[in-house]
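Working notes, structure below.
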Amino acid sequence: MNEKMSLLWATKTQDDEWWSSFVTAPLAILVNYTVVDFRWLTPNLITLLSFVTAVVSAVFIVIGGTTGFVVAAILIQSSHVFDCMDGQMARYRKSTSASGSYFDRATDQLQIALWFGAVGYAAYDQSAEVLPVFLALIGMALYSVRGYVKYVAMHVEMSRDYNYLARLASEVAAPEKVEEVGCQFNIRSVAVWFIREQRKVIYFDEGVLIFMLSLALVLDTLIPMLWVFAVGQLFHGIFRTWQHGRNIELNSQVHIKK
């Protein structure tokens with residue numbers, strides 16, 4: 001393995017989501033190997049490309065039909081590859097920025113809303129029932145709750161500890177662990193790594209949702225997927241709310257006024 005590929009692989013961390021970890025992130029590294037030296041192609045431009053691709057995929061979901069669903073699934077996977085590429089490119093070039101991180105995360109949220117909103121409509125169009133729309137809205141709302149309670153917890157912690165953000169920033173700035181396998185292609189170590197990564201499927205994060213959504217489109221099983229989406233986000237929404245509240249209770253030293 002040459003130095004360029006090793007440096008690109010080093011941009012992939014153990015915090016990758018389930019589907020990203022062993023599918024879209026490695027694919028993104030392969031594409032970046034070809035384009036990362038094109039100076040006109042910036043990480044923010046790739047973020048925009050990811051979002052535009054996501055919008056087009058949502059249009060194909062709304063159009064419907066077997067062809068429309070398959071094309072949408074391919075575009076969703078392409079969008080996610082681009083989503084992995086932008087951060088990898090920024091880290092490889094040592095050009096990460098606060099604005100780039102913001103737009104990357106903001107478009108991720110918008111894409112989930114677009115995709116599941118479109119699937120809710122497509123399932124309604126197929127079944128003439130309002131239930132799929134309800135499931136999509138519930139799932140999207142609870143997916144957003146997972147992020148919302150995190151920032152509510154941060155606000156509560158800041159109200160009792162003015163140094164909280166400084167401590168949090170120091171933790172974020174700590175060097176990230178790089179994947180220990182993958183670029184060496186040792187069969188045993190890669191197999192162990194692959195099996196270990198499967199535990200992440202229970203997190204029901206963006207990577208899992210993208211896999212689940214694409215598979216449902218190809219198989220044309222939208223309503224069962226929406227049930228899994230809504231119930232999964234209900235569980236994680238409740239769990240994350242309890243988890244952050246429990247952490248605040250454990251960390252609290254003084255009374256906090258509402």
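Remark: LEU142, LEU234, LEU217, LEU250 ranked as LEU250, LEU234, LEU142, LEU217, counting other beta-carbon atoms within 10 Å and listing the fewest first. Counting other Cβ atoms within 10 Å as a rough exposure proxy, the listed residues HIS244, HIS155 run HIS155, HIS244 from fewest neighbours to most.
Multiply the residue gap between SER101 and VAL35 by 0.36 nm, knock off their C-alpha separation, and tell me the result in nm, one decimal place. Don't jump to the answer; show the numbers that get you there.
Details: separation 66, 0.36 × 66 = 23.76 nm, distance 2.04 nm.
Using 0.36 nm per residue and subtracting the Cα-Cα distance, I get 21.7 nm.
Run lengths n ≥ 4 of DSSP H only: what is the helix-derived mean residue ellipticity at 222 nm for the chain, with -39500 (n - 2.57) per run over all residues, to the nearest 500?
Values: 10 runs with 192 residues, N = 258.
After summing the helix terms and dividing by the residues of the chain, the value is -25500 deg cm²/dmol.
Taking every alpha-carbon pair under 8 Å whose residues sit at least 6 apart, the chain reaches a relative contact order of 29 percent. What does a probe at PHE194 reach in region 13-48, counting residues whose amide N is under 13 Å from the point 7 Å along Cα→Cβ? Residues 22-23 qualify, since their backbone N sits under 13 Å from the label point. Rounded to two decimals, the Cα-based Rg/Rh of the chain, with Kirkwood Rh, is 0.99.
Ordering ARG91, ARG39 from the fewest to the most neighbouring beta carbons within 10 Å gives ARG39, ARG91.
Largest first and in whole Å, what are the equivalent-ellipsoid semi-axes of region 25-126 based on the Cα gyration tensor, each being the root of 5 times an eigenvalue? Don't jump to the answer; show the numbers that get you there.
Numbers: eigenvalues 162, 41, 15 Å².
Equivalent ellipsoid of region 25-126: 28, 14, 9 Å, largest first.
The dipole here belongs to the chain: it is taken about the Cα centre, uses +1 on the Cβ of Lys and Arg and -1 on the Cβ of Asp and Glu, and is about 620 debye.
FYI, it's all coordinate maths here, none of it is from the lab. Please read these numbers as outputs of a predicted model, since none were measured by experiment. Note that each Cβ is placed from the backbone with ideal geometry, even for glycine, and that neighbours are counted across all protein chains shown.
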